[in-house]
Each structure stands twice: as C-alpha cells, then as structure tokens.
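**Student:** Following this message is one structure expressed as structure tokens.
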Amino acid sequence: MIPYGRQEITEADIAAVLQVLRSDYLTQGPRVPEFETAIAAHCGAEHAVAVNSATSALHIACQALGVGHGHRVWTSPITFVASANCALYCGASVDFVDIDPRTYNMSIEALETKLRLAQAQNRLPAVVIPVHFAGQPCDMKSIRSLAEIYGFKIIEDASHAVGARYVTGELVGGCQYSDITVFSFHPVKIITTAEGGMALTNNLTLASVMARLRSHGITRDQAQMRGASEGPWYYQQIELGWNYRMTELQAALGHSQLQRLEKMIKKRHELARRYEDQLDDLPIDLPWQYPGVYSAYHLFVILIKLEEIQKSRLQIFEELLQEGIGVNVHYIPVYSQPYYSTMGFNPQDYPVSNSYYQRAISIPMYSSLTANSQSQVISALKKVLKV
Ligand SMILES: *Cc1c(COP(=O)(O)O)cnc(C)c1O
C-alpha cells in the first residue's frame with residue numbers, strides 16, 4: 001500500500017538521535033533550545049517553544065492568550081479536531097467559519113459576515129484560529145485587518161505549513177500577522193519529531209508563559225517568583241500547567257530534518273506539478289493555488305466531480321484502496337463529529353464545507369514518494385476515474 005503520507009528518515013537523522021542516546025540528557029538538555037532557536041531563526045520569529053505535539057502547542061497558545069470560560073474561539077471546520085479542541089480544553093466555546101471554495105481555507109467573506117453578525121449580538125470571538133489547509137497559507141493580511149477591527153487574537157494553525165510562504169514571500173511562522181503560530185511534527189507532516197509541535201511568537205511575555213505552561217506552571221526565574229528564592233534547588237509553581245515537554249531525542253531528529261526542509265518542500269512541489277500534468281483530464285478538481293503563495297503541499301486533495309462520473313466517492317475510494325493506493329479524507333467537518341453534535345451546530349450553515357467533504361480524497365503526497373510509486377498512483381486514478 002502506498003500511504004497518503006509518511007516520514008522521510010535519513011542516516012543523518014538516525015545518527016543525530018543515536019548521539020542523544022549516548023549523551024547525558026534524554027530530556028531537558030541542550031537539544032530542545034537548539035531546535036527552538038533554529039526554527040525561530042529559520043522562520044524569522046523571535047521566540048519558539050517546543051512541545052510534545054501541535055495539540056499541546058494549540059492548548060498552551062489558547063491558555064497564554066487568556067482563553068477561558070465565556071470566551072469564543074473560531075476556526076475552520078475542515079481541519080483536524082485539535083484546532084477546535086484546544087478552545088474546549090480552556091473552557092471556552094467553539095464556532096466554525098465556512099471555507100473558501102477554491103483554497104479550502106477559512107473564507108474571508110464568511111468570516112467578515114459572521115463577525116458583523118456577532119458584533120450585533122455581542123458574541124465576538126476572543127481568538128480566531130485560521131488553518132493553513134494542505135500547506136497553503138491563508139489570506140493572513142485580511143484576517144489581521146479584521147482582527148484590528150473586531151479585537152480578536154490570532155493563532156495560526158500551521159500544522160500543515162512548515163516551510164510555506166505567504167504571497168509576500170515571507171515564511172509562515174514569522175508571526176507577522178498573528179500572536180502565535182503553531183507547527184506539528186507528526187510523521188505525516190512536513191518534517192517530523194515522531195510526535196512534537198512548536199509554538200512561535202514575537203511576544204516575549206507569551207513565550208515565557210507558554211514555556212512555563214509546558215512544564216507544570218513552574219518557574220526557576222527569580223523575576224517571576226513571589227518572594228525570594230530559598231536556594232539553588234528552589235523553584236515555584238505559580239500557575240497550573242502540564243507536562244508537554246519535547247524530549248532531546250525528538251529535538252535532535254527535528255533539527256536534523258530542518259536541514260532538509262527546503263529540499264523536501266521542493267520535492268513536494270515537483271510531485272504536485274506531475275499530478276497536475278497527468279491528472280488534468282480526469283473528472284476532478286485539482287488543488288487551486290492562490291497566485292503568489294508557496295504551499296508546503298502537506299496534502300494533495302482532489303475533489304471528485306460527482307456530476308460527471310457514475311460512481312460515488314465511497315466507491316472511488318474503495319477502488320483506489322484495492323489498487324493499493326492509501327487514500328484518505330481530510331477532513332470530516334469538525335461540527336459533524338458526535339462529540340460536537342450536542343453543541344448545536346447546523347450543518348446547513350456550512351454549505352461549502354459540506355460539499356467539499358462529499359467530494360474530497362487525499363492522494364499520496366510526501367517527500368519520499370518515488371517516481372515509480374507516483375506513476376502507480378496516477379495509473380490507478382486514471383483507471384478508477386475513467387469516464
Ligand atoms: C496534525 C494536526 C494537528 C495536531 O498535530 P499533532 O502534532 O498530532 O498534535 C493540529 N491541527 C492540524 C490542522 C493538523 O493537521
């Protein structure tokens with residue numbers, strides 16, 4: 001089975017991890033700060049806080065921004081559940097903004113309309129979490145302008161978009177338009193630490209709060225303590241945090257992978273170009289790119305033109321599996337998850353997301369996908385989607 005996504009591990013990656021195993025520190029050593037500094041420098045952010053997953057990063061990001069009971073957090077429904085769950089962890093409520101029919105990112109028009117209505121009803125969000133779907137950056141300039149008008153904070157869920165660039169050419173992660181940006185290093189994402197994530201920010205206070213929250217709310221910094229230190233052993237827990245720390249092994253792997261980031265994205269672009277060339281006569285919509293953006297191509301999602309083919313999405317999906325192609329669907333709209341169904345969402349409020357979900361299939365896209373395997377994917381698609 002050719003999977004839809006997988007990691008790329010080199011001998012250099014393995015050597016980096018082995019070196020940590022032979023060193024003094026498996027956790028809380030020098031590798032994590034080195035990795036943080038390297039990612040921050042790469043993206044042009046001032047601070048980076050490494051954690052054990054993007055889910056944890058989203059949680060401490062919301063917490064650091066003061067999200068709590070009575071607050072509202074808005075995100076896209078076409079995302080992994082973690083983009084919404086982070087608000088619930090903090091006791092806030094979640095709402096969704098429908099997607100753009102071309103980019104599948106949060107629709108700016110839908111966001112603006114919803115904000116206008118929310119303002120009239122005194123229900124404005126405290127935080128909006130745009131998701132750079134499939135690695136294509138959202139229109140952050142517009143979201144930022146709306147944030148200034150309506151007074152919300154922004155967390156970019158850039159789990160798919162490590163190495164992507166906005167239309168301005170700036171790398172995602174620099175936080176020019178947001179308070180905090182979150183990366184995921186899960187094995188199917190762009191670079192991996194097995195499990196792992198990172199929160200980037202240009203705000204020193206947010207960075208120091210997030211660093212504390214990832215480690216129980218504990219500080220060893222005298223400036224943050226109440227009263228004087230009692231000695232070299234001394235630390236204080238000054239708020240409730242978690243153990244969300246990244247290990248030295250993970251940081252070493254991530255740092256080693258970061259050296260190849262640009263190469264890996266270039267490879268994903270080559271694969272995307274080949275799919276575009278070879279699949280353009282099939283009854284599908286190929287991923288549309290906003291002119292000037294540089295996607296990280298975490299995913300390659302095709303939308304079946306159901307009116308042009310006498311097969312259902314399910315049938316097409318199953319036939320592709322039978323051909324050995326490990327297709328997937330990204331994503332089931334979060335509002336339709338059973339856990340969310342009691343929160344009163346009306347699927348009819350999200351017509352674009354619903355139609356997207358009926359038609360979407362993710363086909364294999366990862367930097368270690370070989371030309372031979374890609375040819376197999378292309379042949380299988382031509383066979384199954386023949387009209
Ligand atoms: C993968 C993913 C996450 C969660 O990442 P983890 O590192 O697995 O916690 C969050 N948001 C989006 C959009 C993702 O794709």
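The values are calculated or read from the model by the stated rules, or taken from the named source; none is laboratory data. Computed from a prediction, not measured in an experiment: that's the story for all the values here. Using ideal geometry, Cβ is built from the backbone for each residue, glycine included, and neighbour counts are taken over all protein chains shown. Surface areas here come from the heavy atoms of the whole protein model, side chains and all, with no ligands, DNA or RNA. Shrake-Rupley method; radii C 1.70, N 1.55, O 1.52, S 1.80 Å.
**Student:** Please specify each residue of segment 68-78 satisfying the condition of being assigned to a loop (DSSP other than H, G, I, E, B) and buried (at least 24 other Cβ atoms within 10 Å of the Cβ).
**Tutor:** Answer for segment 68-78, where residues must be assigned to a loop (DSSP other than H, G, I, E, B) and buried (at least 24 other Cβ atoms within 10 Å of the Cβ): Ser76, Pro77, Ile78.
**Student:** Here's a follow-up. Need the failing condition index for Ile238 against (1) farther than 30 Å from Arg6 by Cβ; (2) within 15 Å of the ligand (Cβ to nearest atom), just the number.
**Tutor:** So Ile238 meets the others, but not (2).
**Student:** Across segment 110-139, which residue is most open to solvent (accessible area, probe 1.4 Å) among those that are away from the ligand (no atom under 14 Å from the Cβ) and closer than 16 Å to Ser353 by Cα? Give the derivation first.
**Tutor:** Taking segment 110-139 and keeping what is away from the ligand (no atom under 14 Å from the Cβ), we get 110-128, 139.
Then keep just the ones that are closer than 16 Å to Ser353 by Cα; that gives 110-111, 114.
Numbers: Ala110: 32, Leu111: 0, Lys114: 52 Å².
Among residues in segment 110-139 that are away from the ligand (no atom under 14 Å from the Cβ) and closer than 16 Å to Ser353 by Cα, the one most open to solvent (accessible area, probe 1.4 Å) is Lys114.
For (1) surrounded by fewer than 20 Cβ atoms within 10 Å (Cβ to Cβ); (2) under 25 Å from the mean Cα position of the chain (by Cα), each residue gets a yes or a no:
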residue: Glu319; (1), (2): yes, no
residue: Val329; (1), (2): yes, yes
residue: Ile332; (1), (2): yes, yes
residue: Gln337; (1), (2): yes, yes
residue: Asp349; (1), (2): yes, yes
residue: Tyr356; (1), (2): no, yes
residue: Met365; (1), (2): no, yes
residue: Asn372; (1), (2): yes, no
residue: Ile378; (1), (2): yes, no
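**Student:** Right, something else. Name the residues in segment 94-109 that are surrounded by fewer than 17 Cβ atoms within 10 Å (Cβ to Cβ) and not acidic (Asp, Glu), would you?
**Tutor:** Step one: filter segment 94-109 for residues surrounded by fewer than 17 Cβ atoms within 10 Å (Cβ to Cβ), giving 101-102, 109.
Residues satisfying the conditions are Pro101, Arg102.
**Student:** Next question, about the same structure. Got at least one residue in segment 207-217 being more than 30 Å from Glu8 (Cβ to Cβ) and open to solvent by 60 Å² or more (accessible area, probe 1.4 Å)?
**Tutor:** yes
**Student:** Same structure again: List every residue pair whose Cβ atoms sit under 7 Å apart, with the two residues 6 or more apart in sequence or on different chains, where the first one lies in segment 326-353 and is under 16 Å from Asp98 (Cα atoms) and away from the ligand (no atom under 16 Å from the Cβ) and the second, anywhere, is open to solvent by 40 Å² or more (accessible area, probe 1.4 Å) and of a type outside the set (Ser, Thr, Tyr).
**Tutor:** What qualifies is Ser336/Pro347; Pro347/Asn354; Val352/Pro101.
**Student:** Considering only segment 60-73, state which residues are within 25 Å of Asn122 (Cα to Cα) and in contact (Cβ under 8 Å) with a residue 60 or more places away in the chain.
**Tutor:** Let us first name the residues in segment 60-73 that are within 25 Å of Asn122 (Cα to Cα), namely 61-73.
Those that are within 25 Å of Asn122 (Cα to Cα) and in contact (Cβ under 8 Å) with a residue 60 or more places away in the chain: Ala61, Cys62, Gln63, Ala64, Leu65, Gly66, Val67.
**Student:** Might you let me know whether segment 187-201 holds any residue that is within 18 Å of His255 (Cα to Cα), away from the ligand (no atom under 13 Å from the Cβ), aliphatic (A, V, I, L, M) and in contact with a helix residue (DSSP H, G or I) (Cβ under 9 Å, 6 or more places away or on another chain)?
**Tutor:** Yes, that holds for at least one residue.
**Student:** Tell me, yes or no, whether segment 268-282 has at least one residue that is surrounded by 17 or more Cβ atoms within 10 Å (Cβ to Cβ), within 18 Å of the chain's Cα centre (by Cα) and not in a loop (DSSP other than H, G, I, E, B).
**Tutor:** Yes.
**Student:** Would you mention how many residues in segment 290-302 are touching a Ser or Thr at 6+ places or on another chain (Cβ under 9 Å), farther than 14 Å from Pro101 by Cβ and of a type outside the set (A, V, I, L, M, F, W, C)?
**Tutor:** Qualifying residue count for the region: 2.
**Student:** Looking for whichever is at pLDDT 95 or above, surrounded by fewer than 16 Cβ atoms within 10 Å (Cβ to Cβ) and more than 29 Å from Ile154 (Cβ to Cβ) here; the options are Gln222, Gln237. Which one fits? First the steps, then the outcome.
**Tutor:** Numbers: Gln222 fails: at pLDDT 95 or above.
Sole residue among the options that is at pLDDT 95 or above, surrounded by fewer than 16 Cβ atoms within 10 Å (Cβ to Cβ) and more than 29 Å from Ile154 (Cβ to Cβ): Gln237.
**Student:** Answer yes or no as to whether Val81 is surrounded by fewer than 24 Cβ atoms within 10 Å (Cβ to Cβ), hydrophobic (A, V, I, L, M, F, W, C), modelled with pLDDT of 95 or more and within 24 Å of Ser341 (Cα to Cα).
**Tutor:** Criteria met by Val81.
**Student:** Kindly state which strands (runs of 3 or more DSSP E) lie completely within segment 98-211 and contain at least 1 residues that are under 17 Å from Cys43 (Cβ atoms).
**Tutor:** So the answer is 153-157, 180-184, 197-201.
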